[in-house]
Amino acid sequence: MGLTLAEKILKAHTVDGVFEKGREIGLKIDQTLTQDATGTMAYIEFEAMGIGQVKTEKSVAYIDHNTLQSGFENADDHRFIASVAKKHGIWYSRPGNGICHQVHLERFGAPGKTLIGSDSHTPTGGGIGMIAIGAGGLDVAVAMGGGAYYITYPKIVNVKLSGKLSPWVSAKDVILKLLSILSVKGGVGKIIEYTGEGVGTLSVPERATITNMGAELGATTSIFPSDERTRAFLRAEGREDVWVPLAADEDAVYDEVVAIDLSSLEPMAACPHSPDNVKTLGEINAAAEGGRMKIDQVCIGSCTNSSLADMLKVAYILRGKTVHPDVSLSVSPGSKQVLTMMAGCGALETILSAGARLLESACGPCIGMGQSPNSAGISLRTFNRNFEGRSGTKDARVYLVSPEVAAASAVAGYLCDPRALGDMPAFVLPEQFTVNDNMITPPAPPKEADSIAVLRGPNIREYPKTAPLADHLRAECALKVGDNITTDHIMPAGAKILPLRSNIPAISKHCFAVCDESFPERALALGQSIVVGGSNYGQGSSREHAALAPLYLGVKAVIVKSFARIHRQNLINAGILPLEFVEEADYDTVSQGDILAVEDLREQVEAGGPITVKNLTKGKSFETKCELSERMRAILLCGGLLDYTKANLK
Ligand code: MIC
Ligand code: SF4
């Protein structure tokens, strides 16, 4: 029986466990990446492990999230990361050089390699045939130290692409279509592998848009074959030497198959407040007053849609036009390389003449770092997430669209179908890109490492205190939330809160602010507490702060209907017990304020069976499950991955 492409790469990298469906496997990690918002914590953890030089083939630290320096905090974090990187063998991409995923694809990614990154959109690398997975900072720190990265051998879903995209229909529409089929939890525990003759019609940037937003399916990762188009992209980057052809075996067997005919797709949008709330533009406009949805803002950029290919289309649509007077249009090119090439070919001038507001090559508005919309504003964004409050304006209505829809709408002033623009020219990418790595600082030679001081600012605090799992647990349900709670609910981002990413006591004050502002104070006063939630709890970002803030506030267990993958792992890494209701109906029997208890907790976790939770307030009990590998059990029992790693290093 043949192997899928994902399985081939996973198999070649399995260094621990049994290579069987559903079992936990430990992967050798070739490359790692961090960004600044998760990176400070990852390097604090790396340092706490006492490892000298990184053991990976390539580790890169990017500054792209916290680039708005409205106080000393972010600049201090940049300086800290730069110095840690230099000391420990890590390449450092300076602020202004671009968004981690875009730059990694351009300058470091390589087909057939494994990459983990402390950012959920790391699967962007699947666009050139990598197994690229988003993980918590602590997992990345362990991988930098040469430790394996553990995943459950996933199911492999084959998305078979046929046909060819029609003019003005975009790669974004492919992933929006898949989100409408599978939903935001349809990819949990799965790798999405693209095959079929439609693959060859898509360029690397288009493939990367699709694998990037596979994160919104909850998938472990997504991957495209490495073919002649991959080779051409790497050649244009001056890196053809890393190219290898890669594809699934002819007789590969998949767990599920989804067929998408590219020719049948049309421009779509994900409506508020979820990436899978997908509708056609026609449907959205038909429901709006006067048959047209008026818009207030358009933002083009983010790691999903900020390549040169995207920018050339935007420039073409804006040529000779002016942005509608009621609309604010911002453009953030994905990297210095993209921006330089836009300047070189005149696209930048066209975009600026049309009245776009040029932002630096960084995450910017995607993570609420500026450009929050007006009250109840309607914002079209080429980004990947439209969770409530993420834009920085609580009542904003954010729609996720392709760059083509975004640009056409910015001119029209309402949600506009770009197919109305008529014929589409062929957008041809240059054979050679403008490569200049002067904003990437190499690490110091290992022999100089001892002489390099790590520069810490006053906002950089230690990892929160941990303790081994207690014998018994008795705590109040301090918060009960519903389904699809995102990490943006648990640990919001935005320009005010992000600078606190390296200070857990300070950032914890904002934990669950979107749901209940009084939670942090209550939880701290209680000393220990339990959070109860619905299904797909913790979807979205990889930020381990969504586990570290609860850890600091004394949350001992989270009981939900189901978890998103990265967040569940982050809870285990932080030593917080992740429990799932065996009977979903039991969720309804728990109220906020109930006192819950688990007797013989350590014993029950060790035994691995269902765990009984008593609701002392209601005089009832219910069963929960806590399916853990032996390794995860050991991590939880000793109080989290940091303690486990320290203990096992000795
Ligand atoms: C995001 O898109 O939500 C982020 C900000 O890039 C996060 C990482 C973070 O919270 O720092 C992610 O996707 O993992
Ligand atoms: Fe940055 Fe947005 Fe991409 Fe996250 S999704 S890495 S915030 S651009």
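The values are calculated or read from the model by the stated rules, or taken from the named source; none is laboratory data. Predicted model, so just to flag it, every value in this text is computed and none were measured. Virtual Cβ from ideal backbone geometry, glycine too; neighbours counted across all protein chains shown. We work out accessible area using only protein heavy atoms, side chains counted, and drop any ligands, DNA or RNA first. Shrake-Rupley method; radii C 1.70, N 1.55, O 1.52, S 1.80 Å.
Across segment 556-568, what is the number of residues that are more than 12 Å from residue 188 (Cβ to Cβ) and crowded, with 24+ Cβ neighbours inside 10 Å?
In the first step, residues of segment 556-568 are kept if they are more than 12 Å from residue 188 (Cβ to Cβ); the result is 556-561.
Remaining after also requiring crowded, with 24+ Cβ neighbours inside 10 Å: 557-560.
Of the residues in segment 556-568, 4 are more than 12 Å from residue 188 (Cβ to Cβ) and crowded, with 24+ Cβ neighbours inside 10 Å.
Could you tell me whether segment 177-184 includes any residue that is open to solvent by less than 20 Å² (accessible area, probe 1.4 Å), of a type outside the set (A, V, I, L, M) and touching an Asp or Glu at 6+ places or on another chain (Cβ under 8 Å)? Can you show your working first?
As a first pass, look at segment 177-184 and keep what is open to solvent by less than 20 Å² (accessible area, probe 1.4 Å): 178-179, 184.
Still in the running and of a type outside the set (A, V, I, L, M): none.
The answer is no, given that none of the residues of segment 177-184 is open to solvent by less than 20 Å² (accessible area, probe 1.4 Å), of a type outside the set (A, V, I, L, M) and touching an Asp or Glu at 6+ places or on another chain (Cβ under 8 Å).
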Restrict the check to segment 157-169 and report whether at least one residue is under 24 Å from residue 543 (Cβ atoms) and touching a residue at least 60 places away in the same chain (Cβ under 8 Å).
no
Residues of segment 120-174 being within 21 Å of residue 49 (Cα to Cα) and either part of a loop (DSSP other than H, G, I, E, B) or of a type in the set (A, V, I, L, M) (or both), in sequence order, are 135, 136, 138, 140, 141, 142, 143, 144, 145, 146, 147, 148
Filtering segment 290-309 down to residues that are more than 13 Å from ligand 2 (Cβ to nearest atom) and touching a residue at least 12 places away in the same chain (Cβ under 8 Å) yields 292, 293, 294, 295, 296, 297, 298, 308, 309
Residue check, residue 52 against (1) in contact with a Phe, Trp or Tyr (Cβ under 6 Å, 6 or more places away or on another chain); (2) among the small types (Gly, Ala, Ser); (3) over 23 Å from residue 235 (Cα atoms), all met but one. Which one?
(1)
Within segment 604-626, work out how many residues are surrounded by fewer than 19 Cβ atoms within 10 Å (Cβ to Cβ), touching a residue at least 24 places away in the same chain (Cβ under 8 Å) and under 26 Å from residue 18 (Cα atoms).
4
Report yes if some residue within segment 501-520 is surrounded by 24 or more Cβ atoms within 10 Å (Cβ to Cβ) and within 16 Å of ligand 2 (Cβ to nearest atom); otherwise report no.
yes
Scanning segment 580-603 for residues that are part of a strand (DSSP E or B) and β-branched (Val, Ile, Thr), which turns out most open to solvent (accessible area, probe 1.4 Å)?
595
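Determine whether segment 252-274 contains at least one residue that is in a helix (DSSP H, G or I), within 16 Å of ligand 2 (Cβ to nearest atom) and in contact with a strand residue (DSSP E or B) (Cβ under 9 Å, 6 or more places away or on another chain). It would help to see each step written out before you state the result.
Going through segment 252-274, the residues in a helix (DSSP H, G or I) turn out to be 262-264.
The next check asks that each one be within 16 Å of ligand 2 (Cβ to nearest atom); those that pass are none.
No, segment 252-274 contains no residue that is in a helix (DSSP H, G or I), within 16 Å of ligand 2 (Cβ to nearest atom) and in contact with a strand residue (DSSP E or B) (Cβ under 9 Å, 6 or more places away or on another chain).
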Yes or no: segment 207-217 includes at least one residue that is in a strand (DSSP E or B) and open to solvent by 10 Å² or more (accessible area, probe 1.4 Å).
no
Would you check which residues across segment 185-206 are within 19 Å of the chain's Cα centre (by Cα), open to solvent by 10 Å² or more (accessible area, probe 1.4 Å) and of a type outside the set (A, V, I, L, M, F, W, C) and list them?
185, 186, 189, 190, 205, 206
Go through segment 24-51 residue by residue and tally those that are open to solvent by 40 Å² or more (accessible area, probe 1.4 Å), assigned to a loop (DSSP other than H, G, I, E, B) and either within 16 Å of ligand 1 (Cβ to nearest atom) or out of contact with any strand residue (DSSP E or B) (no Cβ under 8 Å at 6 or more places or on another chain) (or both).
1
So which of 524, 553 ends up being without any contact (Cβ under 8 Å) to a residue 60 or more places away in the chain, within 14 Å of residue 479 (Cα to Cα) and open to solvent by 20 Å² or more (accessible area, probe 1.4 Å)?
524
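Based on what the data block shows, is residue 112 in a loop (DSSP other than H, G, I, E, B), away from ligand 2 (no atom under 16 Å from the Cβ) and either of a type outside the set (A, V, I, L, M, F, W, C) or crowded, with 24+ Cβ neighbours inside 10 Å (or both)?
Values: in a loop (DSSP other than H, G, I, E, B): yes; away from ligand 2 (no atom under 16 Å from the Cβ): yes; either of a type outside the set (A, V, I, L, M, F, W, C) or crowded, with 24+ Cβ neighbours inside 10 Å (or both): yes.
Yes; evaluated as a whole, the condition is true for this residue.
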For segment 141-173, what are the residues that are under 23 Å from residue 644 (Cβ atoms) and open to solvent by less than 30 Å² (accessible area, probe 1.4 Å)?
141, 142, 143, 144, 145, 147, 148, 149, 151, 153
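Go through segment 436-494 residue by residue and tally those that are among the β-branched types (Val, Ile, Thr) and open to solvent by 40 Å² or more (accessible area, probe 1.4 Å).
Step one: filter segment 436-494 for residues among the β-branched types (Val, Ile, Thr), giving 440-441, 452, 454, 460, 466, 481, 485-487, 490.
If we keep only those that are open to solvent by 40 Å² or more (accessible area, probe 1.4 Å) as well, we get 441, 466.
Number of matching residues: 2.
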